[in-house]
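First up is the structure itself, then whatever we jot down about it.
The values are calculated or read from the model by the stated rules, or taken from the named source; none is laboratory data. Owing to the predicted nature of the structure, the values given are computational and were not obtained by experimental measurement. When we count neighbours, we look across all protein chains shown, and the Cβ atoms used for this are built from the backbone with ideal geometry, even at glycine. Side chains are part of the model used for accessible areas, which takes the heavy atoms of the whole protein and leaves out ligands, DNA and RNA. Shrake-Rupley method; radii C 1.70, N 1.55, O 1.52, S 1.80 Å.
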Amino acid sequence: MKNVLIDQNCKWLASEDSKYLLKDYAEIFVVGEHLKQREYDENLATFCMNNSCELLTADNRAYVHFFSDERIKNIQISEFVYEHKADRPIYLVKIIE
């Protein structure tokens, strides 16, 4: 079972009301709690790689940071859920190799 890292821009996913969406994940990490937000851009991919995490984010360019880790050669991006209140998708970024 994989873990998940929730970006600061969709932190609501970690709330009790939304936890059912994360039922397939063993451990839930949140930017700002488990990963310092100031170091986020530089360490996002490394954190996900080291902790067997997938990323949930509303940032449609977050995948760029995954390629800063030379161990990562391939990622998959898909829409995880649509956040109707903010009128935007939440993306799921998975490390493939």
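Worth pointing out:
- Consider the range 46-61 and keep the residues that are more than 23 Å from residue 19 (Cβ to Cβ) and part of a loop (DSSP other than H, G, I, E, B). The one that is most open to solvent (accessible area, probe 1.4 Å) is 61.
- Applying the criterion of being assigned to a helix (DSSP H, G or I) and open to solvent by 50 Å² or more (accessible area, probe 1.4 Å) to the residues of the range 22-45, the residue that is modelled with the highest pLDDT is 43.
- Checking each residue in the range 76-97 for being surrounded by fewer than 20 Cβ atoms within 10 Å (Cβ to Cβ), in contact (Cβ under 8 Å) with a residue 24 or more places away in the chain and under 18 Å from residue 22 (Cβ atoms) picks out 81, 83, 89, 92, 94.
- Residue in the range 62-75 that is assigned to a strand (DSSP E or B), at pLDDT below 95 and surrounded by 15 or more Cβ atoms within 10 Å (Cβ to Cβ) present: yes
- Condition check for residue 93 on (1) among the aliphatic types (A, V, I, L, M); (2) assigned to a loop (DSSP other than H, G, I, E, B); (3) within 11 Å of the chain's Cα centre (by Cα): one failure, at (2).
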